[in-house]
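Where a number appears in this text, it was derived from the coordinates with a stated rule and is not lab data. For clarity, every value in this text was computed on a predicted model and none was experimentally measured. Because the Cβ atoms are built from the backbone with ideal geometry, glycine has one as well, and the counts that use them run over all protein chains shown.
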Amino acid sequence: MHSSTLFGLLAAAAATVLAKPCKQDHQAAAAEVKCPIVFDGRVKATAVPTDFDSYSTSIFNPDYVKGQNLKWSDILKFPNTPTAARFDNATYKPFEVTISDASIFQTQKGFRRAGLQLQGDTNTGSPGSKGVKTIHFSLRWDAQRALNLSHEYLNVWHEASDYSANQFNFETGAILGQSGLARDTWKVLDRKNKQIWSTPIVKNDWQNFAITLDFDKNTLRVYYSQGDEPLKSVTSAVSNDNSGEGQYQIGILKKPTGTSDVVNSGYQESKLNEGLIYGSLFIEDSANGCVSL
Ligand SMILES: *[C@@H]1O[C@H](CO)[C@@H](O)[C@H](O)[C@H]1NC(C)=O
Ligand SMILES: *[C@@H]1O[C@H](CO)[C@@H](O)[C@H](O)[C@H]1NC(C)=O
């Protein structure tokens, strides 16, 4: 190679480096939602915890599903994260769902749970369980309130209206009765609790998920990306029984260990202080194959 050519290449490379804008202080622009939103679970940047205690100010059901003596203002936190979730712009902020020893719903002493239901997502007749819908959510691990992956956690699911099954479960940790599955992954399980996809938990970045439920064709399809990357389809439209209507639930349901009656008994450590950070939560209409990526 001629030394003049080499010099030219080096000069060009140096110019490229210098021309690169410094983006450290700037948040990448939020991705646009392309399809009609059926339920918007994105929390306004101006929201305060007590907004979530009443129907008139909450986007969620203020009464469910949580410890009997807790209010949602006791449960939800608004952590500062280094970046916003992919579909959250400056109008929205991340929220954290937490559980403690008081997170006992009704008489379910085996579980610790705090699950958000979207207002309007009724147990029967909801637009969320008709046609083709995609639920979007982004997650961020909180090292200060780490989940204990020796337990099984449900984080996002759709429960049939007669409460006999969940059409899908998005989970992490040690799935009871399935010791062959890795613990430190996010996993999507179908109605029969069979894992159809998983990805390792990333502890210092957003992970973005979308699940399309086709209630006519009885399929489910998973999309995933990390950080600001566009979502990519990571499964085919897997056959799944989506019948039975019901509701979405978003948050934490932690199962106990050491019991076959997980609802009512088993082991939960005390002085629990666990949480999971959510952002970019919404359900969009995916009729005609529309999915925001
Ligand atoms: C954020 O997005 C919403 C629609 O998704 C839009 O109405 C709003 O103006 C945007 N806000 C900012 C600060 O970009
Ligand atoms: C995690 O859960 C296991 C199983 O219940 C328990 O033995 C262990 O003490 C827990 N770890 C922490 C840090 O609480």
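See the values below:
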item	result
Residue selected from region 41-75 under the condition aromatic (Phe, Trp, Tyr) and either within 16 Å of ligand 2 (Cβ to nearest atom) or without any contact (Cβ under 8 Å) to a residue 60 or more places away in the chain (or both), by the criterion surrounded by the fewest Cβ atoms within 10 Å (Cβ to Cβ)	Tyr64
Inter-residue pairs, beta-carbon under 9 Å, first without any contact (Cβ under 8 Å) to a residue 24 or more places away in the chain and in region 171-183, second of a type in the set (Phe, Trp, Tyr), 6+ apart	Glu171/Tyr153; Glu171/Trp157; Glu171/Trp186
Failed item, numbered, when Ile250 is tested on (1) more than 16 Å from ligand 2 (Cβ to nearest atom); (2) out of contact with any Leu (no Cβ under 6 Å at 6 or more places or on another chain); (3) among the β-branched types (Val, Ile, Thr)	(2)
So Gly275, is it surrounded by 19 or more Cβ atoms within 10 Å (Cβ to Cβ), within 17 Å of Arg113 (Cα to Cα) and either within 16 Å of ligand 2 (Cβ to nearest atom) or not β-branched (Val, Ile, Thr) (or both)	yes
Residue in region 265-272 that is more than 15 Å from Phe111 (Cα to Cα), in contact with a strand residue (DSSP E or B) (Cβ under 9 Å, 6 or more places away or on another chain) and assigned to a strand (DSSP E or B) present	no
Residues being of a type outside the set (S, T, N, Q) and either exposed (fewer than 15 other Cβ atoms within 10 Å of the Cβ) or part of a loop (DSSP other than H, G, I, E, B) (or both) - total across region 174-197	13
Those residues of region 128-173 which are in contact with a strand residue (DSSP E or B) (Cβ under 8 Å, 6 or more places away or on another chain) and assigned to a loop (DSSP other than H, G, I, E, B), in sequence order	Gly131, Asp142, Ala146, Leu147, Asn148, Leu149, Ser150, His151, Ala160, Ser161, Ala165
Qualifying residues in region 76-119 (those that are under 16 Å from Gly275 (Cβ atoms) and hydroxyl-bearing (Ser, Thr, Tyr)) - the one nearest to ligand 2 (Cβ to nearest atom)	Ser100
Residue match in region 90-101 (condition: closer than 23 Å to Ala210 by Cβ, out of contact with any strand residue (DSSP E or B) (no Cβ under 8 Å at 6 or more places or on another chain), within 16 Å of ligand 1 (Cβ to nearest atom) and not in a strand (DSSP E or B))	yes
